[in-house]
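**Student:** Attaching a single structure in structure tokens format; questions to follow.
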Amino acid sequence: MDEFQRVHNQMREAPLSSRQARDYIRVFLSGASDEKPDKQGRITIPAPLREYAGLDRDVAVIGAGTRAEIWDQTAWNDYLEQQETAFSETDEEIIPGLF
């Protein structure tokens with residue numbers, strides 16, 4: 001929630017004269033949903049967000065720095081395969097000092 005508020009506050013600083021900023025804010029906030037975990041710590045993903053993300057029965061939950069991402073399992077496997085291939089073909093430093 002804190003991260004969402006931080007991003008939302010940044011968005012509020014965007015100039016309302018920018019159509020692109022208004023459009024982005026509208027789309028970003030329209031997908032927001034405040035979900036409460038159940039007694040087992042599970043949350044539901046609202047149907048419109050499941051549909052938007054193409055989530056079916058099997059999903060992959062991955063850590064991405066300060067976020068968790070939820071992917072359709074097949075989409076994640078395809079993405080991972082593409083990225084691994086691209087990384088193996090890279091001959092320049094992607095993240096300075098790391099690799």
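**Student:** Here is a list of conditions, (1) open to solvent by 70 Å² or more (accessible area, probe 1.4 Å); (2) in contact with a helix residue (DSSP H, G or I) (Cβ under 9 Å, 6 or more places away or on another chain), and Ser88 meets all of them except one; can you say which number that is?
**Tutor:** Tallying (1) open to solvent by 70 Å² or more (accessible area, probe 1.4 Å); (2) in contact with a helix residue (DSSP H, G or I) (Cβ under 9 Å, 6 or more places away or on another chain), Ser88 fails exactly one: (2).
**Student:** I need the full set of residues from the stretch 4-25 which are surrounded by fewer than 11 Cβ atoms within 10 Å (Cβ to Cβ) and in a loop (DSSP other than H, G, I, E, B), in order please.
**Tutor:** Glu13, Pro15, Leu16, Ser17
**Student:** If you take the residues in the stretch 66-78 that are modelled with pLDDT of 90 or more and either within 17 Å of Ser33 (Cα to Cα) or surrounded by fewer than 11 Cβ atoms within 10 Å (Cβ to Cβ) (or both), which one is farthest from the chain's Cα centre (by Cα)? Working first, answer last.
**Tutor:** Filtering the stretch 66-78 for residues modelled with pLDDT of 90 or more gives 69-78.
Going one step further and asking which of them are either within 17 Å of Ser33 (Cα to Cα) or surrounded by fewer than 11 Cβ atoms within 10 Å (Cβ to Cβ) (or both), we end up with 69-70.
Values: Glu69: 5, Ile70: 7 Å.
Restricting to residues being modelled with pLDDT of 90 or more and either within 17 Å of Ser33 (Cα to Cα) or surrounded by fewer than 11 Cβ atoms within 10 Å (Cβ to Cβ) (or both), the top hit is Ile70.
The values are calculated or read from the model by the stated rules, or taken from the named source; none is laboratory data. The structure presented is a predicted model; accordingly, all values stated were derived computationally and were not measured. FYI the Cβ positions are ideal-geometry reconstructions off the backbone, even for glycines, and counts take in every protein chain you see. Heads up: the accessible areas ignore ligands, DNA and RNA and are worked out on the full protein's heavy atoms, side chains in. Shrake-Rupley method; radii C 1.70, N 1.55, O 1.52, S 1.80 Å.
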